[in-house]
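A short reminder: the numbers here are calculations on the coordinates, not readings from a lab. As the structure is a prediction and not an experimental result, all values here were calculated from the model. A quick note on method: Cβ atoms are made from the backbone with ideal geometry, for glycine too, and the neighbour counts reach across all protein chains shown.
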Amino acid sequence: MPALMEVPPAIAHLFSLFPLHTFPAIKPQSGAPPRVPTLWIQPPSSTLRLSTDVECLKWQAYLALRGVTKIALRYDVAPEGAKGARLPNLHLADGELHPAQLIPTWVDEVLGESERPLEGYKDQAALDESRAWVSLLEGDVHAALIMAQPSPSYLWSLLSFPITPSRPLESILSPPPPPLSGLSTVFPIFGTRLSPKHVESKYCDAISTIADRLGTDKWFLGSSDPTPLDALVFAYLHSILHNANHIVRTEVTRRVNLVAWELRVRGIVSGAFTRPEEAVL
Amino acid sequence: MSVLYIWPGQWGLPSIEPGSLAAVLYLSRTIPGQFTVSHCTNPDLSPSGTLPFLRTHDGEAWCSHIEMNLGDLVNYMLFSLPENWNTLIHPTLAYALPVPQRYYVPGRIRNLRRPRLESVGLWNETPAETKKLLPKRTSEHKDKIAQTFQRDKVLQTARDCLDIYQRLLGEKQYIFSSQMTTVDIILAAHVLVILKPPFTGQIIVRSTFGSMQGYSMRSLLPSLPKKSQDDGEILNWGWFGLAVGSVALYLATMGSPLRVVVQVE
């Protein structure tokens, strides 16, 4: 067999003119596991350690409201490098990397609690109602938040790689928005026809309903302890108040109880995370 | 039922504060019997910090839940399942459209639902769209596994939705009060689109929602439009009869203007 595989001398001489150089393997940047559990999130704003991304902030709030402390933060990982190509991820001291949906299970293990009956809500009706509020927040409110984001300039869109958002507007709105070119045209359809007034009006109704429902309760739906719905509501309120444009922000600032509630919960959430330099890179 | 919180009343008035009094008078004229009044002396209960304020039921949230969760299920049954799309929905849409729209608009309508259904894992590509990069047996086996998982997910979603709505409805006729509200209409509309079409695929979803048929029909029946008579045809015959009658009356009174003259030589 080796005799059959021998390269002819002329070709071997030709190949020798182009030597093959093998570079050493590039080790992953994460390297050794962190000393403390570390949450990978989108970069926070400059003054607070709260992520600018709603999904990451939701899980930050969930961990803080469940009473889990000493969680480090890491925001130098791009979403493409995270498990499931979506942030947040939780990097544990034993080297395991959990996607977001496994965080509640980890929290139950850390706190030594079995799965909470009714997820912490006061009764079955409140648990069912929480599903409705989640739909409202992730639908109408999220759509308004996306539309309120400033669109990148034409020059920046030419220079940067096209980034597909994890949740484009067409996958949030139900029923889906029609195409800009119309449905019946004989030419290929393009674009999306969105009515900003319609989205804004649904958003205003949603915020009004949320404010009415909260009233002066300590936690949403009258729960005695914080629930996952409180984490989600806080994530959206904080993003609206600090990262959205003035039209969207004004609707929440008119509601005194929402502003006061967000301020109180922000103090709890931001105090639950260690300083960034304690995370192991 | 909505609750209007106002300052207490005195001297025969519902409220001593003009704004609260105006709110009571206004609602009494616009939605009588559909709200209750609660006297309150704590303006801090209000989201804006002032009285009066109206606390309504959580219709907005439930409408959103129905449109997102049950709406995904309806779109899956109508547009995603190949057996329902190819044999029922596509022909129905095509025959409702004129030529040439019937050849390309149904496909576009289906593709509009694709981003939403893909994001929730309920999208099925029709066999013509599937790129066959793998050997046939392997791809068919993987497709079957994916379809089985998807159908289990659909069934679980249907049961979860049904449980929530049945608990919400309870023994009542309608969800929030003795009268139909927007939430009842939207829920009935989604359930009827699942129950009424003769689907051939995932019929277990239809049987899951069969228990809500009575509730949905209660919402549907008062809204069915009465069949309008074809008045146009009667009018046409009427005008024709009037024209013929006028000619006959003229000939009878004035005599025929036509005379037949025969020249005899």
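Of all DSSP beta bridges located in the protein assembly as shown, what percent are antiparallel, nearest 5? The antiparallel proportion sits near 55 percent. Debye calculation, C-alpha points only, no solvent: report log10 I(q)/I(0) for region A:63-127 at q = 0.21, 0.29 Å⁻¹, in the same order as the q values. So the normalised log intensities work out to -0.96, -1.35. Counting only other chain Cβ atoms within 10 Å of each residue's Cβ, the peptide A:206-213 averages 5.
In chain B, the DSSP beta bridges split such that about 40 percent are antiparallel, to the nearest 5.
What translational diffusion coefficient, in µm²/s and rounded to a whole number, does the Stokes-Einstein relation yield for region A:31-278 at 4 °C and a viscosity of 1.567 mPa s, taking the hydrodynamic radius as the Kirkwood radius over Cα pairs? The Stokes-Einstein estimate is 66 µm²/s. When A:Ser184, A:Ser153, B:Ser119 are arranged by Cβ crowding within 10 Å, least crowded first, meaning fewest neighbours, the order is A:Ser153, A:Ser184, B:Ser119. Within the shell of other residues whose beta carbon sits under 15 angstrom from the beta carbon of B:Met212, the net charge comes to +2, with Lys and Arg scored +1 and Asp and Glu -1. Working from Cα pairs under 8 Å separated by at least six residues, relative contact order for chain B is 17 percent. Screening chain B for DSSP H helices whose Cα atoms reach 15 Å or more along their own axis and whose mean Kyte hydropathy is at least -1.0 gives B:18-30, B:182-195, B:231-254.
A simple packing score, the average count of other Cβ atoms within 10 Å per residue, orders the peptides B:10-22, A:13-25 as B:10-22, A:13-25, with the highest score first. Under the criterion of Cα pairs below 8 Å and six or more residues apart, the relative contact order for region A:31-278 equals 26 percent. Every Cα-Cα pair in region A:93-181 was counted, and those over 16 Å apart are 74% of them. Residue by residue along B:159-171, Cβ atoms of other protein chains within 10 Å of the local Cβ number 2 on average. Using bins of 10 Å that start at zero, the share of Cα-Cα pairs per bin across the protein assembly as shown amounts to 3, 12, 20, 22, 17, 10, 6, 4, 3, 2, 1, 1, 0, 0, in whole %. Per residue of A:121-130, other chain Cβ atoms within 10 Å of the residue Cβ number 2 on average.
Secondary-structure-derived ellipticity at 222 nm for chain B, considering helices only, amounts to -15500 deg cm²/dmol, per-run term -39500 (n - 2.57) for DSSP H runs with n ≥ 4.
Taking a ≥ b ≥ c as the square roots of the Cα gyration tensor eigenvalues, region B:2-55 comes out oblate, since a/c reaches at least 1.5 and a/b does not exceed b/c.
When Rg and the Kirkwood radius Rh are both evaluated on Cα atoms of chain B, their ratio Rg/Rh stands at 1.27. Taking a span of 15 Å or more along the helix axis (Cα atoms) and a mean Kyte-Doolittle hydropathy of at least 0.0 as the rule, the DSSP H helices of chain A that qualify are A:54-65, A:228-243, A:256-270.
Normalised size of region A:189-235, defined as Cα radius of gyration per 2.2 N^0.38 Å with N residues, equals 1.63.
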